[in-house]
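FYI, it's all coordinate maths here, none of it is from the lab. In this text the structure is predicted, and so the values were computed from the model without any measurement. Cβ placement follows ideal geometry from the backbone for every residue including glycine, while neighbour counts extend to all protein chains displayed.
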Amino acid sequence: MRKMIEICRMSADDVGEVARIEECCFASPWSEKSLREEMSNRLAVYFTAKENGRCIGYAGFWNVSGEGGITNVAVHPDHRRQGIGSMLIEAMIKSAREKKLDLLTLEVRKSNIAAQSLYEKYGFVPIGARKRYYSDNDEDAIIMTKPLD
């Protein structure tokens, strides 16, 4: 039986589950308080991936001066390699185009080749690096952008 994954706008009711995903996925996770604050940030656009009403992934960006800065893309480790990250990226691209943004940009760990490959699949290209960007281990970040037509 094929799983039904629903992509929808993140709501305040999702914050607790999203915080748990953050803890599973990131060395320096955002707190539940920070995520809750994002729900009232007028610049923020967040989506969740849900299976049977339960959050299994999320992603979002900030709409700043005609550009979308992707803040996070996370899929619970138990649900990876099932196309959920792709679904979330597609939702962000669609939303950014509807908002007439010029481009989407993000930072990704230099060592995260899987994520870089996923972003490249959607037309993101590396344009530079941020030295020692990640505070947990001083790892460099690769800056990637995708022009929106």
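Could you grab the relative contact order for the range 5-147? Cα pairs under 8 Å, six or more apart, rounded to a whole percent.
Relative CO of the range 5-147 lands at 19 percent.
Per residue of the chain, what 222 nm ellipticity follows from adding -39500 (n - 2.57) for every DSSP H run with n ≥ 4, rounded to the nearest 500?
-8500 deg cm²/dmol
Rounding to the nearest 20 debye, state how big the charge dipole of the range 5-147 is about its Cα centre with +1 on each Lys and Arg Cβ and -1 on each Asp and Glu Cβ.
380 debye
Quick one: how many lysine pairs in the range 5-147 have C-alpha atoms under 23 angstrom apart, if they're 8 or more apart or on different chains?
Qualifying lysine pairs in the range 5-147: 14.
Let me check the size of the chain from its C-alpha atoms; what are the radius of gyration and Dmax in Å?
Rg then Dmax for the chain, in Å: 14.7, 45.
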